[in-house]
Amino acid sequence: MAVLVFAESLTGSIKKAALEAVTYGNLAAQALGTECIALTIGTAEGADKLGQYGASKVYNVAASDDFDSQVYAAIISKAAEQLGADCVVFAHSSSGKSLAGRVAVRMEAGMASAVISVPTAGNFSVQKGVFSGKGFATYEIKSTNKVLTIAPNTFRPEASGSDVAVETLAIEAPAARVKVKEQSTVEGIVPLPEAELVVSAGRGMKGPENWGMIEEMADILGATTACSRPVADVHWRPHHEHVGQTGVAIRPTLYIAVGISGAIQHLAGVNQSKVIVVINKDPEAPFFKAADYGVVGDLFEVVPRLNEALKKFKSQN
Ligand SMILES: Cc1cc2nc3c(=O)[nH]c(=O)nc-3n(C[C@H](O)[C@H](O)[C@H](O)COP(=O)(O)OP(=O)(O)OC[C@H]3O[C@@H](n4cnc5c(N)ncnc54)[C@H](O)[C@@H]3O)c2cc1C
């Protein structure tokens, strides 16, 4: 019995989501009275640091860095068998989501996705948000093997242990069915699913030419930019910035929504944010019901003034 965490890499380096997953795996292992083992596949610089986050052993399987969910799922389920792991943990990232179901089928495991609590010993129950974050459900997994994905930004990575030497695990990867021809990566920003600070804007901005003030705010705060769906649909902003039910679901510490109405489909992807700040000229905008702080006002007046105040605050602190 052990908890096995798949630690993802991005362009060859361990991702923040992997540190969260290992932190969670360690807490789960403590609750279940077992050990947390981390598994990396392909190039994974910084894998030895996973020891600091609670992995007692770190293994690497040599395989192509081109992500193929069928190949990776086969490797992970074989690794779980070889290492005697009955609980496999993934980040709730796009690759984690595509792997968890496949691994659960291979291991005949019960699965819960986007969990927000550590499993209880005995009946192995975990909590997750439901109905777009309006409620919580408790899932009890009764099968011998279990697979979990962890809601992002729920378990902060905390380094307290020490590095662990990475050992090679001999598992033959099946032939890939996917050929990656090209990869493009947005450089220099924290990807939305991992972002702790997000500045987002909607149709209230009137046009793409006005986004300078949103980018300026994001720049001052060190935040990632996002947008509502219609904004991406009319190409004012790139599609990877679209958050909500049909876009990226995020869970930042701070979400600032500028000129966004707060339609249910938008809220579905952002209402797990810890603190929500809304700037909207309509006091009846639905977003105010979900907001922790709200400014009723014209964004073209409020945002430049807020930016100046943020700059001043930053220079004084
Ligand atoms: C199946 C389905 C899935 C969907 N999925 C998503 C999704 O994933 N994400 C998503 O965002 N939407 C989604 N939508 C669309 C969603 O229903 C809303 O239409 C959309 O979120 C509205 O975007 P918005 O708030 O930017 O625009 P609007 O609804 O046009 O709202 C603009 C807001 O800006 C305010 N405003 C205007 N001018 C100013 C100003 N000068 N200063 C301050 N405030 C101002 C207005 O008061 C208003 O509240 C989906 C819809 C469907 C049917």
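The values are calculated or read from the model by the stated rules, or taken from the named source; none is laboratory data. Remember, it's a predicted structure, so these values are computed and weren't measured experimentally. Quick reminder, even Gly has a Cβ in these numbers, built from the backbone with ideal geometry, and neighbours come from all protein chains shown. Each accessible area value is taken on the protein alone, full model and side chains, heavy atoms only, with ligands, DNA and RNA left out. Shrake-Rupley method; radii C 1.70, N 1.55, O 1.52, S 1.80 Å.
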Quiz item: What's the number of the condition Thr246 fails, among (1) within 11 Å of the ligand (Cβ to nearest atom); (2) closer than 30 Å to Thr185 by Cβ; (3) at pLDDT 95 or above?
Solution: (3)
Practice problem: Please go through the stretch 152-180 and pick out each residue that is under 22 Å from the mean Cα position of the chain (by Cα), open to solvent by 70 Å² or more (accessible area, probe 1.4 Å) and β-branched (Val, Ile, Thr). | Solution: none
Exercise. Quick one: count up the residues across the stretch 59-81 that are part of a helix (DSSP H, G or I), open to solvent by 10 Å² or more (accessible area, probe 1.4 Å) and touching a Phe, Trp or Tyr at 6+ places or on another chain (Cβ under 9 Å).
Key: 1
Quiz item: Within the stretch 239-257, can one find any residue that is open to solvent by less than 20 Å² (accessible area, probe 1.4 Å), assigned to a helix (DSSP H, G or I) and either under 24 Å from Pro152 (Cα atoms) or touching a Gly at 6+ places or on another chain (Cβ under 7 Å) (or both)?
Solution: yes
Exercise. Please find, within the stretch 258-295, the residue that is surrounded by the most Cβ atoms within 10 Å (Cβ to Cβ) out of those that are within 7 Å of the ligand (Cβ to nearest atom) and among the charged types (D, E, K, R).
Key: Lys281
Quiz item: Got at least one residue in the stretch 296-309 being more than 14 Å from the ligand (Cβ to nearest atom), open to solvent by less than 40 Å² (accessible area, probe 1.4 Å) and within 17 Å of Ile220 (Cα to Cα)?
Solution: yes
Self-check item: Only listed residue being in contact with a Leu (Cβ under 8 Å, 6 or more places away or on another chain) and open to solvent by 10 Å² or more (accessible area, probe 1.4 Å), chosen from Gly212, Gly222
Solution: Gly222
Exercise. With the checklist (1) modelled with pLDDT under 95; (2) open to solvent by less than 40 Å² (accessible area, probe 1.4 Å); (3) of a type in the set (Asp, Glu) in hand, flag the one item Asp86 doesn't pass.
Key: (1)
Quiz item: Which of the residues that make up the stretch 211-243 are farther than 14 Å from Val190 by Cβ and among the polar types (S, T, N, Q)?
Solution: Ser228
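Output the residue which, of all residues in the stretch 46-58 that are outside any helix (DSSP H, G or I) and of a type outside the set (Lys, Arg), is most open to solvent (accessible area, probe 1.4 Å). Before you say what the answer is, go through the steps one by one.
Here is the first cut: in the stretch 46-58, the ones outside any helix (DSSP H, G or I) are 46, 54-58.
Applying the additional criterion that residues be of a type outside the set (Lys, Arg) yields 46, 54-56, 58.
Working: Gly46: 34, Gly54: 20, Ala55: 4, Ser56: 58, Val58: 1 Å².
It comes out as Ser56.
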